[in-house]
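Engineer: Sending over a structure as structure tokens; questions will come in a sec.
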Amino acid sequence: MSTYRAVKPWQVVYADPIRGAAGDRLSLGRRDDEYPGWVWATAADGRAGWVPESWLRVEGDVGVLLRDYTAAELPLTPGDVVSGELTLSGWLWASDAEGRQGWTPLDCLVTL
């Protein structure tokens, strides 16, 4: 597990993130230009958000989740220390000192 310190702030963009279980079908939209490897998806419950394309079996305009997923984000204030080991297409799945977990952009962090 690696440890990081926030050098830039990050605010949660999607307060009610998309989530799903392996096997769930998602309607797919555009690919992310800023962070290639992510695709916009909408779940059956109407929640939408970015999903790692590598975690999907793409069938035309539908993606089937290959594993459980949540697009929960972890807010950062400069100086925050987080840990994590899963990085995907410019993002880290991180945990903070209070035990909160979520995705945060790697460009907001430096490795300690």
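The values are calculated or read from the model by the stated rules, or taken from the named source; none is laboratory data. Worth saying up front: this structure is predicted, and the values here are computed from it rather than measured. Because the Cβ atoms are built from the backbone with ideal geometry, glycine has one as well, and the counts that use them run over all protein chains shown.
Engineer: Looking at the range 39-60 only, could you name the residues that are within 15 Å of TRP91 (Cβ to Cβ) and touching a Ser or Thr at 6+ places or on another chain (Cβ under 6 Å)?
Structural biologist: Across the range 39-60, there are no qualifying residues.
Engineer: Which residue pairs have Cβ atoms under 6 Å apart, sit 6 or more places apart or on different chains, and have a first residue in the range 91-102 that is touching a residue at least 40 places away in the same chain (Cβ under 8 Å) and a second that is of a type in the set (S, T, N, Q)?
Structural biologist: Hits for this filter: LEU92/THR104; ALA94/THR104.
Engineer: Pairs, please: C-beta under 6 Å, at least 6 apart or cross-chain, first residue in contact (Cβ under 8 Å) with a residue 12 or more places away in the chain and assigned by TED's automatic domain parsing to the domain that holds ASP32 and in the range 47-65, second surrounded by fewer than 20 Cβ atoms within 10 Å (Cβ to Cβ) and of a type in the set (Gly, Ala, Ser)?
Structural biologist: Close Cβ pairs satisfying both conditions: GLU53/GLY37; LEU65/ALA22.
Engineer: I'd like the residue in the range 96-112 that is under 13 Å from the mean Cα position of the chain (by Cα) and surrounded by fewer than 21 Cβ atoms within 10 Å (Cβ to Cβ) and, out of all such residues, is farthest from ASP33 (Cα to Cα).
Structural biologist: Here the residue is GLN101.
Engineer: Here is a follow-up. Can you tell me which residues in the range 13-31 are surrounded by fewer than 15 Cβ atoms within 10 Å (Cβ to Cβ) and either within 30 Å of THR111 (Cα to Cα) or among the basic types (Lys, Arg) (or both)?
Structural biologist: Those that are surrounded by fewer than 15 Cβ atoms within 10 Å (Cβ to Cβ) and either within 30 Å of THR111 (Cα to Cα) or among the basic types (Lys, Arg) (or both): VAL13, TYR14, ALA15, ASP16, ARG30, ARG31.
Engineer: I'd like the full set of residues that are more than 21 Å from GLN101 (Cβ to Cβ) and either in contact with a His (Cβ under 7 Å, 6 or more places away or on another chain) or in contact (Cβ under 8 Å) with a residue 40 or more places away in the chain (or both), limited to the range 35-46.
Structural biologist: PRO36
Engineer: Looking at (1) farther than 16 Å from THR111 by Cβ; (2) part of a loop (DSSP other than H, G, I, E, B), which one does LYS8 not meet, given that it meets all the others?
Structural biologist: Answer for LYS8: the failing condition is (1).
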